[in-house]
Amino acid sequence: MSLSRLARRNNLLSYFGIHVLTFKPRSIADHTRTGYSLLGSLCGCQPNSVSSALGLLPSCSYSTWLHKIHFQIAPTSISSQKSGPILAQRYYASRASANDTQASSQEQKSRKMLIYLTALVFAMVGGSYAAVPLYRRFCQATGYGGTVQRRESVEDKIARHSKDGTVTTREIAVQFNADVADGMPWKFTPTQREVRVKPGESALAFYTAENRSSTPITGVSTYNVTPMKAAVYFNKIQCFCFEEQRLLPGEQIDMPVFFYIDPEFETDPRMEGINNIILSYTFFKVAEE
Amino acid sequence: MSAGGAFGGNRGLRPVPPEKGVFPLDHMHQCDLEKKDYLHCLKSSGHQSENCRNFCKKYLECRMEKNLMARQDMSELGFGKETETNRKTSK
């Protein structure tokens, strides 16, 4: 079967080779003309005397070449076809008996493979869905990547540390930064530049916000602690973020932040060189009346 | 380990809401005096938080009085015998 295919291909290629060499249009104009003449020739092959004079004989011969292919391919294909199936038949006849059992076992094998592969696909998809809660649990268990290990409230932490009598010695300077989103006519600044605090001591800090416009504006703030890895130990007991705050026009107000740095900060080797923590707040406009 | 921690470290950390929630704003400026005392203390003591803990305590007590903060025992918020020991060491 495959032998006959090869034979046919060879014949075609030889014909193509010969005629491509002879058929060489020299310009774009020639291309278009030959294109049109091809169409004409396919319809009925009526070579124009003018076109032939211009040297477009190849176009007509193109169609005759097509016919040639049809004629000549037929006998060769038949001859090759005769040999092909015969060989193929002999090949199949010799393996007819062994074929049935092999086919069935192969079928079984392929079916098993199919089942296995589809099961694998489903397992992968299911695994990707289950990955989120599993990863979260893994992180909590091992604390990898800075996840908070114990879901303890700050008060419990304070109680625990005061009971243990943990003494902290490292002083950390907590600096404050205040930002306002674009188009927000508030003046928002920290009231003090920094607060020096030891881990385990709760501290208070203030921010001042002033509404400079002539309409009451509602804003909401979000915060951010740098360096990132120290953020795990920075606990805010109470602040003014995440809730909408409304300021009347011209009103100035002080916003406190009550925070606490976990004493475990001192024992963590990753926090070796960290002596500065920057707490940054940004206010965004929610509504304007 | 540090490289592994850096992966998604910034992405993974979401701002955690504060433990006790949000401070209601002091629109009436009722606790302004205490606040000013605290800030003055901070400035004069070189921004040391531990020296001004009593002012901090006073401010929070003022807030609790004026219903601007949930009532809670001061020791739970970290003001307890610690302040006493601090006073002793500072003196």
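Descriptive notes on the structure:
- Rounded D (µm²/s) - the stretch A:155-199, Kirkwood Rh over Cα pairs, Stokes-Einstein at 25 °C, 0.890 mPa s: 180
- From the C-alpha gyration tensor of the stretch A:151-289, square roots of 5λ in Å: 32, 14, 12
- Ordering A:T118, A:T226 by the number of other Cβ atoms within 10 Å of each residue's own Cβ, fewest first, gives A:T118, A:T226.
- Remark: B:V22, A:V174 ranked as B:V22, A:V174, counting other beta-carbon atoms within 10 Å and listing the fewest first.
- Peptide B:48-54 is shielded by partner chain Cβ atoms: per residue, an average of 5 of them sit within 10 Å of its Cβ.
Each reported figure results from applying straightforward, stated rules to the coordinates on display, with no laboratory input. Bear in mind that the values here come from a model prediction, so they are computed numbers and not experimental data. A quick note on method: Cβ atoms are made from the backbone with ideal geometry, for glycine too, and the neighbour counts reach across all protein chains shown.
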